[in-house]
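Undergrad: A single structure is presented below for examination.
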Amino acid sequence: MSTRRFVLVMLAIIIFALSLVAQDTVSAKLALTPPMGWNSWNKFACNVSEDMIREMADAMVKSGMKDAGYQYVVIDDCWQVTRDENGNIVADPQRFPSGIKALADYVHSLGLKFGIYSDAGSKTCAGRPGGLGHEYQDAVQYAAWGVDYLKYDWCNTTTQDAKASYANIRAALDAAGRPIVLSICEWGKAQPWLWGKEVGGNLWRTTGDIQDRWAGKKEWKPGDCCSYGVVDIIDAEADLYSYAGPGHWNDPDMLEVGNGGMTDVEYRSHFSLWAILAAPLIAGNDLRSMRPEIRHILTNKEVIAINQDPLGMQGRACPKAATVKCGRSNSRTGVARWSFSTAARPHRTWLSLGERSDIRIT
Ligand code: GLA
């Protein structure tokens, strides 16, 4: 090989290696505090359209939510209807006549970020085309549309390995060259807190779906477990605090604040507990028509500051008597406490530990 060719080959290798390092760094720098945004599923399920998503993005700005830190506007299931003859995913032409790129551009024009949903299996949970076998093709499409956040579900995955499936979509997103937050929605079945960070997931669901109620676990249908109330979800999160940290979060599911099934006191508790848990704060209500009390809960800057503490430590449950010891166990200052009892459980205090000792909620 001539010297000139040798130098060119070496240069190519160095550029390739640098690009890998750069991509790795880009992924690792996403979601350094829990992601904040809005998602269509909890309120609208399959009733999604570009008009509604635009209005929700507008409302996120007008309501003060953007100023309070909310960023991502995420369309959940049912935006997609089929694949074309080349395997490209196709958005519902009736509900999204301007196309997903135009919608993402609009969301970006408001200074917000845009998110979308797919599934690791052959079909989504609502039976729309899933990502299986199209991971790299879809990732290139998402990057071209300007997607900033991908929620990736786990329906219709039959014998797939969860860790390998999520590693595959992360690799596809990275290869597409756009920094995209990866939200692993595997419902905790394969304990994603053990491997989610390693495969480049930025958040992972820890349980089945939240429902708009304070307490109670209910089967969807006999033998098909379950949807969960707030209390049941936080009980499931109680022992997972060591897995959360900047860039990788336990996800106790999206917020139900304002959807009508709980009292305002319960919604305030739901929001405060999610803040203490360093949980992603993804609102799920109709932002266009929320009551002032609901807006106040969702935009409470002190509570949000607890959630967005740069230390990224998930709060933990302490028996009442041990609260002080619990708070001092790593010599950090406890900055938020939230106590409640249920008939079934002893009185416990949820405590967060943070860097911001100037902020306290009790
Ligand atoms: C699953 C997820 C939900 C939602 C629906 C959409 O149930 O856990 O959050 O995305 O699918 O079909």
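Undergrad: GluC sites (Glu not before Pro) within the stretch 49-157: which are DSSP loop residues with at most 13 other Cβ atoms inside 10 Å?
TA: Here the GluC sites (Glu not before Pro) that fit, given the DSSP loop and packing criteria, are 85.
Undergrad: Which far-off residues, 5 or more places away or on another chain, put their amide H under 5 Å from the one on residue 247, with H placed in the peptide plane?
TA: Hits under the 5 Å cutoff: 32, 33.
Undergrad: When every alpha-carbon pair in the stretch 3-309 is counted, what percent end up more than 34 Å apart?
TA: 19
Undergrad: If you add up the charges near residue 122, with Lys and Arg at +1 and Asp and Glu at -1, over every other residue whose beta carbon is less than 14 angstrom from its beta carbon, what do you get?
TA: It works out to a net charge of -1.
Undergrad: Could you pull out every residue, at least 5 positions away or on a different chain, whose amide H is within less than 5 Å of the one on residue 146? Hs are placed 1.01 Å off N in the peptide plane, and Pro or chain starts have none.
TA: none
Undergrad: Could I ask something else about it? Enumerate the lysines that residue 189 could reach by cross-link, defined here as Cα to Cα under 21 Å, with residues fewer than 8 away along the same chain left out.
TA: Partners within reach: 123, 151, 163, 197, 217, 218, 221.
Undergrad: Another one. Are there GluC sites (Glu not before Pro) in the stretch 165-231 that DSSP marks as loop and that have at most 16 other Cβ atoms within 10 Å, and which are they?
TA: When the GluC sites (Glu not before Pro) of the stretch 165-231 are filtered for loop state and at most 16 Cβ neighbours within 10 Å, 198 remain.
Where a number appears in this text, it was derived from the coordinates with a stated rule and is not lab data. These numbers come from a predicted model, not from an experiment. Cβ coordinates were reconstructed from backbone atoms using ideal geometry, including for glycine residues, and neighbour counts include every protein chain displayed.
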